[in-house]
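The values are calculated or read from the model by the stated rules, or taken from the named source; none is laboratory data. Because the structure is a prediction, the values reported are computed rather than measured. Ideal geometry is used to build each Cβ from the backbone, glycine not excepted, and the neighbour counts take in all protein chains shown. Accessible surface areas use protein heavy atoms only, side chains included; no ligands, DNA or RNA. Shrake-Rupley method; radii C 1.70, N 1.55, O 1.52, S 1.80 Å.
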Amino acid sequence: SIRSMEAKEIRKKFLDFFEKRGHKIVPSSSLIPDDPSVLLTTAGMQQFKPYYTGKADAMKNFGSLNTASVQKSFRTSDIDEVGDESHLTFFEMLGNFSFGGYWKEDAIKYGHEFIVKEMGLEIDYVSIFGGEGEIPADDESEKIWKSIDSKIKIKKFGKSDNFWGPTGNEGPCGPTTEIYVNGVEIWNIVFNQYYYTKQEKVLDSKNNKHAVLELLKPLPTQGIDTGMGLERLVMVLQKKKNIFETDLFAPLFELLPKDIHEREKRIIIDHTRGAVFLLADGVRPSNKDRGYILRRLMRRVFVYESQSGIPAHVIDAIVHDIVHEYGEFYPELLSQNNAIREEFSREREKFSKTLARGLKELEKISDINSASAFKLYETYGIPYEVIKEFGGERAKNLTRGGFDEEFKKHQEVSRAGADAKFGGHGLYLKTGEVTIRDESEVERVTRLHTATHLLHAGLRAILGPEVQQDGSDITVERTRFDFKFSRKVISEELSKVEEWVNGTIKKNLSVKSEEMSYEDAVKDGALGFFREKYPPRVSVYTVLDPKTGEVFSKELCGGPHVAHTSEIGHFKILKEESSSAGVRRIRAVLDK
């Protein structure tokens with residue numbers, strides 16, 4: 001048998017294996033996906049979605065119809081399960097992909113060859129799709145497996161096990177074959193051969209009768225999409241009882257005090273590792289979306305740290321080791337090292353002030369329900385998981401669903417409050433980036449708002465398309481604009497940006513607004529703040545020369561804007577600084 005391989009060696013062997021077989025090795029994409037419909041990257045195929053549907057050209061972008069990657073992935077659905085033998089929030093996914101390059105035979109051969117010959121493992125059995133409803137059994141895969149190894153054990157399952165469907169109402173899908181080693185499912189190979197659409201048909205509107213039509217049509221380009229969890233593969237290769245005994249985790253467990261409960265140790269290590277990777281990709285703790293997930297992870301670690309009397313330097317040492325262990329393969333961890341460590345100490349400091357008071361308050365509640373749990377979260381920042389665990393028997397009626405409902409209700413109340421406050425002109429609400437107090441300030445803020453769009457366009461004109469908006473905040477006095485960029489902007493470049501903006505203002509260009517579908521807006525080249533979830537219909541503001549039709553700026557936005565750029569006045573950049581890892585911040589004003 002092959003000696004026990006280290007995780008880093010396994011990663012390399014996987015990529016080398018596929019590179020030798022004509023695959024282009026593509027680096028992991030960020031945990032913050034380009035796709036605004038999902039919060040975090042959950043699988044290797046996510047970055048390749050456009051290649052399956054024909055919206056992007058693999059040959060043009062990769063020089064090959066086949067790719068392979070080791071993808072950073074994050075699943076929030078498993079947060080409540082972490083602590084058992086196998087669940088994680090952050091994990092690594094090994095995958096090979098083909099967009100019309102090869103089909104079932106090669107995909108299965110590669111899977112068999114890698115597991116049996118490269119890894120020296122024995123396959124217990126494989127599973128295939130046995131057919132269900134209208135969809136026929138995948139006999140082709142069965143024949144291929146038998147031709148490779150006539151003695152191989154094949155199990156057949158239905159849709160819930162061996163058919164990969166899209167998560168939403170439409171998308172590529174198809175049968176799967178899975179490889180099992182030591183009773184563990186190691187590798188899932190998906191054959192994307194259909195395109196699924198789900199349509200609702202109204203049969204009788206009076207009695208609210210609907211029919212759901214589910215359609216499967218063959219895909220013009222058949223695709224291969226595979227996923228193999230690195231942690232599981234390492235566990236099997238290193239002959240460990242669970243993933244935490246592997247070399248990916250064991251050295252980190254060594255750093256924790258011996259007397260802490262095993263489940264707690266696993267949660268601390270998993271959550272710290274997940275938090276480090278989210279921070280490295282630019283997520284910051286906050287009360288919404290990704291920031292909320294990150295904050296939950298970090299705060300749960302700090303609760304255990306405080307309850308078990310773990311000195312702060314222990315968690316800091318774990319962070320240090322994660323950054324340096326993984327930094328070889330994921331260089332962004334090393335480049336964001338300081339920012340990651342600063343965020344850990346900042347969040348610990350913020351939370352420690354209220355933690356003790358919050359846990360004391362928790363002790364006083366005899367029956368913990370959704371409302372009282374949410375109040376604890378809102379007042380003291382204590383996450384749901386901690387309330388559920390530390391509440392013990394008193395929290396037996398508390399559910400994640402109920403807690404999330406309370407959260408939603410609270411958001412609606414806040415939104416309604418903002419609506420009443422800014423309802424006169426809808427500035428704050430529509431853009432989420434303009435704050436004003438009364439009508440007299442509208443005109444000034446409106447000018448600054450259009451100037452902010454021009455600043456974004458000017459930065460891209462001078463520094464290139466790497467510049468991407470990462471949020472903005474506009475008051476009556478100034479605009480603050482955050483954008484993704486990998487380095488400091490030098491003063492010479494800032495002068496050029498300022499000149500570009502003022503030159504554009506002087507041209508007295510028109511600002512026009514139109515409403516269209518989100519898809520059309522993006523196709524049309526409208527820029528947005530892509531961490532936002534946009535509605536199906538959006539407003540697009542375009543700054544253009546009415547005579548020549550030349551476009552200077554086009555953005556998704558709720559308004560308000562000036563009608564002509566000459567109304568803006570003179571624009572001046574005050575300062576440029578770092579806002580967070582990989583994000584720069586500019587503050588600017590308008591001279592009277």
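Out of the stretch 329-344, which residues are in a loop (DSSP other than H, G, I, E, B) and open to solvent by 50 Å² or more (accessible area, probe 1.4 Å)?
Within the stretch 329-344, just Phe329 meets the criteria.
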A careful count of residues in the stretch 60-79 that are open to solvent by 50 Å² or more (accessible area, probe 1.4 Å) and in contact with a Phe, Trp or Tyr (Cβ under 9 Å, 6 or more places away or on another chain) gives 3
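Which of the residues that make up the stretch 80-132 are β-branched (Val, Ile, Thr), open to solvent by less than 10 Å² (accessible area, probe 1.4 Å) and modelled with pLDDT of 95 or more?
Thr89, Ile108, Ile115, Val126, Ile128, listed by residue number.
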Note on Glu262: of the conditions (1) within 29 Å of Ser579 (Cβ to Cβ); (2) open to solvent by 10 Å² or more (accessible area, probe 1.4 Å); (3) of a type outside the set (S, T, N, Q); (4) touching a helix residue (DSSP H, G or I) at 6+ places or on another chain (Cβ under 9 Å), unmet is (1)
Restricting the stretch 5-34 to residues that are farther than 17 Å from Glu113 by Cβ and of a type in the set (A, V, I, L, M, F, W, C), the one surrounded by the fewest Cβ atoms within 10 Å (Cβ to Cβ) turns out to be Ile25
Exactly one of Glu140, Glu92 is among the charged types (D, E, K, R), within 30 Å of Phe249 (Cα to Cα) and either out of contact with any Cys (no Cβ under 6 Å at 6 or more places or on another chain) or part of a loop (DSSP other than H, G, I, E, B) (or both), and that residue is Glu92
Looking across the stretch 223-256 at residues that are within 15 Å of Arg11 (Cβ to Cβ) and either charged (D, E, K, R) or part of a loop (DSSP other than H, G, I, E, B) (or both), the single one that is most open to solvent (accessible area, probe 1.4 Å) is Arg232
| said: Criterion first (within 23 Å of Ala339 (Cα to Cα) and polar (S, T, N, Q)) does Thr246 satisfy it? | reply: no
In the set Ala56, Ala68, the lone residue that is part of a strand (DSSP E or B) and in contact with a helix residue (DSSP H, G or I) (Cβ under 7 Å, 6 or more places away or on another chain) is Ala68
- Message: Can you find a residue that is over 17 Å from Ser472 (Cβ atoms), modelled with pLDDT under 85 and in a strand (DSSP E or B) anywhere in the stretch 529-537?
- Response: yes
Scanning the stretch 494-510 for residues that are open to solvent by less than 30 Å² (accessible area, probe 1.4 Å), more than 14 Å from Lys572 (Cβ to Cβ) and in contact with a helix residue (DSSP H, G or I) (Cβ under 6 Å, 6 or more places away or on another chain) gives Thr504, Leu509
In the stretch 544-587, anything buried (at least 16 other Cβ atoms within 10 Å of the Cβ), at pLDDT below 90 and not in a strand (DSSP E or B) is listed as Cys557, Gly558, Gly559, Pro560, His561, Val562, Ala581, Gly582
The correct count of residues that are within 12 Å of the chain's Cα centre (by Cα) and either open to solvent by less than 20 Å² (accessible area, probe 1.4 Å) or aliphatic (A, V, I, L, M) (or both) in the stretch 280-289 is 2
Checking Tyr518, Tyr541 in turn, the sole residue that is surrounded by 13 or more Cβ atoms within 10 Å (Cβ to Cβ) and under 28 Å from Asp281 (Cα atoms) turns out to be Tyr518
Note: among Tyr292, Tyr326, just one is among the hydroxyl-bearing types (Ser, Thr, Tyr), in a helix (DSSP H, G or I), open to solvent by less than 30 Å² (accessible area, probe 1.4 Å) and out of contact with any Leu (no Cβ under 8 Å at 6 or more places or on another chain), namely Tyr292
*Restrict the check to the stretch 439-452 and report whether at least one residue is touching a Ser or Thr at 6+ places or on another chain (Cβ under 6 Å), modelled with pLDDT of 80 or more and under 26 Å from Gly569 (Cβ atoms).*
yes
Here the residues within the stretch 575-592 that are out of contact with any His (no Cβ under 8 Å at 6 or more places or on another chain) and closer than 19 Å to Glu443 by Cα are Ala588, Val589, Lys592
Restricting the stretch 356-407 to residues that are surrounded by fewer than 17 Cβ atoms within 10 Å (Cβ to Cβ) and among the aliphatic types (A, V, I, L, M), the one nearest to the chain's Cα centre (by Cα) turns out to be Ala371
### Message
Being open to solvent by less than 70 Å² (accessible area, probe 1.4 Å) and of a type in the set (A, V, I, L, M, F, W, C) is the requirement here; does Leu215 meet it?
### Response
no
Inside the stretch 133-169, the number of residues satisfying the requirement of being touching a Phe, Trp or Tyr at 6+ places or on another chain (Cβ under 7 Å) and open to solvent by 90 Å² or more (accessible area, probe 1.4 Å) is 1
Here the residues within the stretch 83-127 that are within 19 Å of the chain's Cα centre (by Cα) and farther than 29 Å from Tyr52 by Cα are His87
Scanning the stretch 186-209 residue by residue, those modelled with pLDDT under 95 and over 20 Å from Gly54 (Cβ atoms) turn out to be Lys198, Gln199, Glu200, Lys201, Val202, Leu203, Asp204, Ser205, Lys206, Asn207, Asn208, Lys209
Here the qualifying pairs (Cβ atoms under 9 Å; residues six or more apart or on different chains; first in the stretch 40-51 and closer than 10 Å to Phe99 by Cα; second part of a helix (DSSP H, G or I)) come out as Phe48/Ala58; Tyr51/Ala58; Tyr51/Asn61; Tyr51/Phe62
If we keep only residues of the stretch 474-493 that are of a type in the set (D, E, K, R), closer than 25 Å to His564 by Cβ and open to solvent by less than 90 Å² (accessible area, probe 1.4 Å), then the residue modelled with the lowest pLDDT is Arg478
For the stretch 342-361, pairs from a residue that is more than 23 Å from Ile318 (Cβ to Cβ) to a residue that is surrounded by 14 or more Cβ atoms within 10 Å (Cβ to Cβ) and at pLDDT 95 or above, with Cβ under 7 Å and 6 or more apart or across chains, are none
Checklist entry - Is it the case that some residue within the stretch 368-381 is outside any helix (DSSP H, G or I), more than 19 Å from Ile268 (Cβ to Cβ), without any contact (Cβ under 8 Å) to a residue 24 or more places away in the chain and of a type outside the set (A, V, I, L, M)? => result no
